[in-house]
1. Could you list, in sequence order, the residues of the stretch 10-45 that are surrounded by fewer than 14 Cβ atoms within 10 Å (Cβ to Cβ) and either of a type in the set (A, V, I, L, M, F, W, C) or outside any helix (DSSP H, G or I) (or both)?
2. How many residues does the stretch 49-65 contain that are over 19 Å from G95 (Cβ atoms) and open to solvent by 50 Å² or more (accessible area, probe 1.4 Å)?
3. Taking only the stretch 66-83 into account, find how many residues are within 15 Å of A113 (Cα to Cα) and open to solvent by 50 Å² or more (accessible area, probe 1.4 Å).
4. Pull up the stretch 102-115, narrow it to residues that are of a type in the set (G, A, S) and under 12 Å from the mean Cα position of the chain (by Cα), then point me to the one that is farthest from A60 (Cα to Cα).
5. If I filter the stretch 85-101 down to residues being among the hydrophobic types (A, V, I, L, M, F, W, C) and open to solvent by less than 10 Å² (accessible area, probe 1.4 Å), which single residue comes out as nearest to P56 (Cα to Cα)?
6. For R89, are the conditions met, namely being in contact (Cβ under 8 Å) with a residue 60 or more places away in the chain, closer than 28 Å to A136 by Cβ and of a type outside the set (F, W, Y)?
Amino acid sequence: MIKACLNGDRTRADHPGVPITPTELAHSAAAAVRAGADALHIHPRGADERESLHWPDIDAAVSAVRAACPGVPIGVSTREPIVPDLTERLRLIAGWHRGPDFASVNFHEPGAAEVADLLISRGIAVEAGLFTPEAAVTYLAWSGPTLRI
């Protein structure tokens, strides 16, 4: 599988071509799929161009990319720096009405198991971010239910 990460935590300061808006993400997504991507990973942004877990921002980005790339699995980030407070991050994710097909969970971050459990309960598959050997151990210990996309 080839998964394209369209923007990550990068900003226009990193490169002026980083896709930020839903329309920009949709155009970049379509280009990535034409180039051979089988799945897409995006970091939705708010009006301030900062990464967001707020439902309107998630919905706008995922909906735009889904319209441009029907049938292609779409994932988003849940990384801790987006919303450092775990309780607030969980509250925001719980507000996703329908969402992406998958979301990344970095298992080196505090609260990863809680984030993963919540995603699974919302019908969203977990993409495990395993940055360290310890994160892999944490992921294996989680042994939560899995969803296939």
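The values are calculated or read from the model by the stated rules, or taken from the named source; none is laboratory data. Since this is a predicted model, take the numbers as computed values, not measurements. Every residue, glycine as well, gets a Cβ built from its backbone with ideal geometry; the counts of neighbours run over all protein chains shown. Ligands, DNA and RNA are excluded from the accessible area calculation, which covers all protein heavy atoms including side chains. Shrake-Rupley method; radii C 1.70, N 1.55, O 1.52, S 1.80 Å.
1. R12, A13, D14, H15, P16, G17, A35, G36, D38
2. Residues flagged as over 19 Å from G95 (Cβ atoms) and open to solvent by 50 Å² or more (accessible area, probe 1.4 Å) within the stretch 49-65 amount to 1.
3. Selection size over the stretch 66-83: 1.
4. Ranking the candidates gives S104 first.
5. Step one: filter the stretch 85-101 for residues among the hydrophobic types (A, V, I, L, M, F, W, C), giving 86, 90, 92-94, 96.
Among the residues that remain, those that are also open to solvent by less than 10 Å² (accessible area, probe 1.4 Å) are: 93, 96.
Values: I93: 12, W96: 9 Å.
Residue satisfying both the conditions and the ranking: W96.
6. no
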